[in-house]
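The values are calculated or read from the model by the stated rules, or taken from the named source; none is laboratory data. Note that the structure is a prediction, hence the values are computed from the model and not measured. So basically every Cβ, Gly included, is an ideal-geometry build from the backbone, and we count neighbours across all protein chains shown.
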Amino acid sequence: MISAEPTLLALEIGGTKLQLFAGTTDGTLTRRWRHSVDRTAGAAGIRRQIEAWIPEAIDTLKPSAMGVGFGGPVDWRTGSIAKSHQIEGWSGFEIGAWLQKLTGIPIAIDNDANVAALGEAHRGNGRGANPVFYVTLGSGVGGGLVVEGRIYHGAKPGESEIGHVRLDKSGVLVEQRCSGWAVDRRIREAISLHPASPLGQLVGENTSGEARFLGKALANGDPLAQAILSELADNLAFALSHTVHLLHPERIVLGGGLSLVGEPLRAAVSEALKHYLMEVFLPGPALFLAGLAEDAVPVGALLLAAETLRNTPA
């Protein structure tokens with residue numbers, strides 16, 4: 001008798017979104033549920049949302065394990081959250097034990113960028129490369145390193161926190177220049193001085209998410225949009241040069257909402273990176289946009305759950 005393919009769950013907890021997925025051990029997504037995060041409700045509000053959905057998913061799908069990508073550093077061995085940089089109330093919370101009690105199934109949890117790196121390394125544009133370094137450019141900036149097909153962890157909490165690398169001695173962080181919120185702010189500043197620019201016209205009365213208009217403004221040949229892109233690419237390339245000098249990834253994958261700017265961003269970062277590398281390391285690692293786009297975290301979480309299931313005694 002052939003046993004049925006087990007169903008797995010994947011949970012993504014970020015600073016602006018909360019997503020639950022069902023899928024298979026090879027990382028194929030079969031169902032998804034998405035909710036917005038109410039930042040004012042804090043971690044307790046997010047936990048109430050999870051408590052409201054999970055029982056139905058458990059009863060309906062009878063999953064065998066769950067993988068979780070969390071937006072902040074975690075102790076992946078114990079399932080304890082070190083900190084959320086976006087939502088108050090998570091620090092020190094034993095999310096692994098809480099979810100295990102809620103679901104009754106094995107739980108694997110890791111930083112969301114680590115989980116996304118795993119997804120891209122196996123099912124996205126990191127396939128066939130080793131090591132793979134993944135950068136997520138979203139509400140924050142995170143990184144993940146996959147070596148020989150597995151997430152690399154240093155001493156706990158051991159994340160590749162490229163967003164908290166300093167760009168200068170004054171303490172300016174990568175996240176303060178390269179996150180979605182940072183680029184939104186930069187666009188607001190720029191269009192306040194140039195409201196008649198194509199970018200200014202596209203943004204119009206919008207007061208959040210301005211970065212989503214950057215790609216169209218670039219396609220229209222807007223010099224203001226090009227200047228903002230060049231500034232972003234230069235800062236990110238400078239940060240990635242440290243990654244290259246220390247870790248030597250064969251491939252770097254750019255993901256997160258800002259990566260949806262597309263090829264102009266990839267090309268600009270790739271070109272800028274060359275100026276910050278030792279000559280002997282040129283031309284540097286190949287840069288790719290995330291092949292899984294915004295599904296990198298859930299796909300990686302399914303793969304994480306599958307690994308946990310394989311390692312769980314029958």
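Might you check whether a residue that is within 20 Å of the chain's Cα centre (by Cα) and in a loop (DSSP other than H, G, I, E, B) occurs anywhere in segment 30-40? Yes, there is a match, as at least one residue in segment 30-40 is within 20 Å of the chain's Cα centre (by Cα) and in a loop (DSSP other than H, G, I, E, B). Does residue 199 fit the bill of being among the hydrophobic types (A, V, I, L, M, F, W, C), crowded, with 19+ Cβ neighbours inside 10 Å and at pLDDT below 95? Spelling it out, it is not the case that residue 199 is among the hydrophobic types (A, V, I, L, M, F, W, C), crowded, with 19+ Cβ neighbours inside 10 Å and at pLDDT below 95. Checked against (1) surrounded by fewer than 20 Cβ atoms within 10 Å (Cβ to Cβ); (2) in the same structural domain as residue 257 (by TED's automatic domain parsing), residue 178 passes all but a single condition, namely (1). Among the conditions (1) more than 14 Å from residue 111 (Cα to Cα); (2) crowded, with 22+ Cβ neighbours inside 10 Å; (3) not basic (Lys, Arg), residue 49 misses just one, which is (2).
Under 6 Å between Cβ atoms, which residue pairs at least 6 apart in sequence (or on different chains) link something in segment 30-47 that is farther than 22 Å from residue 61 by Cα with a partner that is surrounded by fewer than 15 Cβ atoms within 10 Å (Cβ to Cβ)? As it stands, the answer is 42/88; 45/38, since those pairs meet every condition given.
In the set 254, 247, 260, only one residue is under 22 Å from residue 296 (Cβ atoms), surrounded by 23 or more Cβ atoms within 10 Å (Cβ to Cβ) and either among the hydrophobic types (A, V, I, L, M, F, W, C) or in contact with a Cys (Cβ under 6 Å, 6 or more places away or on another chain) (or both); that residue is 254. Of all residues being closer than 18 Å to residue 291 by Cβ and touching a Leu at 6+ places or on another chain (Cβ under 9 Å) in segment 127-142, which is surrounded by the most Cβ atoms within 10 Å (Cβ to Cβ)? Just the residue, please. That would be 134. Is there any pair with a first residue in segment 54-73 that is more than 14 Å from residue 12 (Cα to Cα) and a second that is at pLDDT 95 or above and of a type in the set (Gly, Ala, Ser) whose Cβ atoms are under 6 Å apart and which are 6 or more apart or on different chains, and what are they? Correct list of pairs: 61/22; 65/305.
Each residue in segment 241-259 was checked for being within 16 Å of residue 276 (Cβ to Cβ), in contact with a strand residue (DSSP E or B) (Cβ under 8 Å, 6 or more places away or on another chain) and not hydrophobic (A, V, I, L, M, F, W, C), and 2 of them qualify.
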